[in-house]
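Okay, structure first, notes after.
Derivation of every value follows stated rules applied to the coordinates shown; laboratory data play no part. These figures come from a predicted structure and were not determined experimentally. No Cβ is skipped: glycine too gets one built from the backbone with ideal geometry, and neighbour counts run over all protein chains shown.
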Amino acid sequence: MSEETPDTAPAKTAGSGQDILRVENVSKRYGAVTALTDINLRLGKGEVLGLIGDNGAGKSTLLKIICGFQPPTTGQLYLDGQPVNLKSVDHARSLGIDAVYQDLALVNQLPVYVNMFLNREPTTGGLLNVRNMKKLAKERLDEMGVRLPSVNSLVAELSGGQRQAIAVARSVFAQPQPKILLLDEPLAAMGVKEGTIILDLVQKLKEQGDVSIIIIAHNYGQVLDVCDRVNMIQGGQITFDKRSADTSATELTDLVVAEYRRALEERQQEAS
Ligand SMILES: Nc1ncnc2c1ncn2[C@@H]1O[C@H](COP(=O)(O)OP(=O)(O)OP(=O)(O)O)[C@@H](O)[C@H]1O
Ligand SMILES: [Mg+2]
């Protein structure tokens, strides 16, 4: 009788004993478009991993696979060393994986406090406890330093940065607290103050050490400040994996500029 071949066994990746998440040989195709090719990524327990790369590189596609929004075309995810096939975002959430999407998933026509608990309303005896929701929403946003007119405000009446902060707070304070938090460009719509609030929060979570985070961002300085390690995706492949302490914003920028020059030369050659 043939045993399963151990080619995806946990021992394969260095340090995998501490890994909360591993992504192995993952590819993703959308019809004729290949968005990801043979992705191998690991996330240590309590680690903050920065995912960087140009527009269209495949960062959001990868996060959407890890949060159960879409399946990979090929490849396997491992959670705590065990293979998992995520069936939905709710399934991933039940396993402790929670995401803040680039496109937020807030309901504009509902007030802030309802959005804070969307699909996870605290209940008392099975009933929605509005007073409790308002109180908790206010406490959590205050704790994050997010200033809003009121938790009764409609999301439609808020700025992009305020909306982003609500989406991040909702995930961070979800109960039970997620083991893996995926943040897709949480700083994109932020002013300096709001961006700092999110970065401080990530720093605080990191110090507590009970949540592992993948954060997609374009500002390399901020990434290096807050992340333990950085992976770069270029054209659907991970091309770079270093500890933040071992790289610099200059090195990361140079890599992207080199990619841009190569693409430009290719186009010029094709045109000539
Ligand atoms: N649902 C989809 N159908 C078809 N193609 C898609 C789909 N989602 C993404 N793609 C393609 O996959 C590639 C990667 O997209 P993705 O959104 O992952 O990029 P990204 O790295 O997050 O970029 P950005 O920094 O602009 O957010 C792009 O070429 C994109 O057009
Ligand atoms: Mg994206």
Q. Considering the chain as a Gaussian network with a 10 Å cut-off on Cα pairs, which listed residue, 165, 217, 258, attains the greatest mean-square fluctuation?
A. 258
Q | Percent RCO, i.e. relative contact order, over the stretch 14-271, from Cα pairs under 8 Å lying at least 6 residues apart | A | 25
Q) Can you give the percent of C-alpha pairs in the stretch 14-271 whose distance is more than 31 Å? A) 27
Q | Estimated dipole of the stretch 14-271 in Debye, rounded to 20 [Cβ of Lys and Arg +1, of Asp and Glu -1, Cα centre] | A | 800
Q. With springs only between Cα atoms under 10 Å, which of 225, 98, 184 fluctuates most in a Gaussian network model of the chain?
A. 225
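Mind sorting 66, 215 by how few other Cβ atoms lie within 10 Å of their own Cβ, fewest first?
Details: 66 22, 215 25.
By the 10 Å Cβ count, ascending, the order reads 66, 215.
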Q) With each pseudo-label sitting 7 Å past Cα toward Cβ, what's the residue 139-residue 267 distance in nm, one decimal? A) 5.3
Q.
Ignoring everything except DSSP H segments at least 4 long, calculate the 222 nm mean residue ellipticity for the chain; use -39,500 (n - 2.57) per segment, divide by total residues, nearest 500.
A. -10500 deg cm²/dmol
Q: Name the residue, out of 196, 250, 34, whose mean-square fluctuation peaks in a Gaussian network model built on the chain with Cα pairs under 10 Å.
A: 250
Q: Can you tell me how much longer the chain between residue 253 and residue 80 gets when fully stretched, taken as 0.36 nm per residue apart minus their C-alpha distance, in nm with one decimal?
A: 59.0 nm
**Q.** Angle between the chain longest axis and helix 249-271 axis [Cα atoms, degrees, rounded to 10]
**A.** 60
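Over the alpha-carbon set of the stretch 62-118, divide Rg by the Kirkwood Rh and report the Rg/Rh ratio to two decimals.
On the way: Rg = 13.4 Å, Rh = 12.7 Å.
Using only Cα positions, Rg/Rh for the stretch 62-118 is 1.06.
Between residue 245 and residue 55, what length in nm is gained on full extension when 0.36 nm per residue of separation is reduced by their alpha carbon distance? Display every interim value, and only then the final one.
Working: separation 190, 0.36 × 190 = 68.40 nm, distance 2.50 nm.
Taking 0.36 nm per residue and subtracting the Cα distance, the gain is 65.9 nm.
With 21 Å as the limit, write out which pairs from 64/135; 28/64; 45/242; 59/204; 64/87 have Cα-Cα distances beyond it, or answer none.
Beyond 21 Å between Cα atoms: 64/135; 59/204.
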Q: Choose one of 202, 247, 41: the residue whose Cα lies farthest towards the positive end of the charge dipole of the chain (beta-carbon charges +1 Lys, Arg; -1 Asp, Glu; about the Cα centre).
A: 202
